[in-house]
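Right, one structure below, let's go through it.
Here, each number is a calculation from the coordinates, and none is a lab measurement. Owing to the predicted nature of the structure, the values given are computational and were not obtained by experimental measurement. Reconstructed Cβ throughout: ideal geometry from the backbone, glycine too, with neighbour counts over all protein chains shown.
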Amino acid sequence: MARAGGGEGEIAQAIFNLASVFIFILIFLILSTKELFQGTSVDVELPKAHVIEADLEQSISISVTKDHKYYVGDSLVPLDLISQLVRQKHWEYVARNENDSTLYGEQLVVIRADKGVDWGSVLAAIDQAKKARSKRITLAVVKKD
Amino acid sequence: MSIFFKKKRGEGGEMEAELPAAGLISLTDVNASLVKIFVLTIPLAIESGLFVSRSVATRIRRPIVQKQVKKDVKVSIHIRADGVIELNKKPVTREQLEDLVPKLLARSIEKNALLSADPEVVYEDVVAMIDFLKQQGAGDVLILKRKSRTKKGG
């Protein structure tokens, strides 16, 4: 009887542990979703589109917030320094790929602009990416239902 | 521990075993459901992209000569700050646009479209236009930078 009781106690303990693990998984997923899928944690409300062309792979993200602030990844940067930072990231990409310089500019640049900002601000970010000789630029959107 | 486990009293009155409280089991179920819902809704929250510039490597399947592109472009759209949409330099309504764009694209080989907008135009409207052009079958939407043509002060 004592043996059976110990077994049930172990099951109860296991269930308790399982519940704790689920909670940790959930918290981890919630906290890391933005980092995992967007490469940045800058929060912007993206416009929606029916047509989807690019799945955002490992990319350089330039975010334009509602208050016209520019971020490269998570770093707040002035507009005229964006190209410098993007250039640096392109070279890092080249270094990661056995220093194959033909890959310079091939890493996808994603412009994540808030849907309410003016087009001029977005165009300025695209200009900066072009200035860094980025070859692949995409506008981030969320798929329309 | 008493919050999570309930001791069961045996027939002889002695404490027999610790069983998980009903609350704990439902907590496990709720957690499992939350994880499942979260995992299933991730694809809905994932961001995607609309290309405004592609590398040569992605265009290599259909090489294009610059002069041909200029001649071949049949759709050139400009969105003015006052909301007016110009198709090939002529103001058009949304209905006319929906009617004309597919016809013009059908006459084009590369099916490229040019798009420009005044800097004051809301970004969402520009994305909506790119989306519209892609839906109508445009291959590449080429973004042009133009100076604002709206007159200041009325």
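Across peptide A:95-106, the average count of Cβ atoms from other chains found within 10 Å of a residue's Cβ is 1. For the range B:75-144, the share of DSSP beta bridges that are antiparallel, to the nearest 5, is 45%. Exposure proxy ranking for B:ILE109, A:ILE62, based on other Cβ atoms within 10 angstrom of each Cβ and starting from the fewest, stands as B:ILE109, A:ILE62. Of the cross-linked pairs A:LYS66/B:LYS36; A:LYS89/B:LYS111; A:LYS66/B:LYS74; B:LYS36/B:LYS134; A:LYS48/A:LYS130; A:LYS135/B:LYS36, those separated by over 31 Å at the C-alpha level are A:LYS66/B:LYS36; A:LYS89/B:LYS111; A:LYS66/B:LYS74; B:LYS36/B:LYS134; A:LYS135/B:LYS36.
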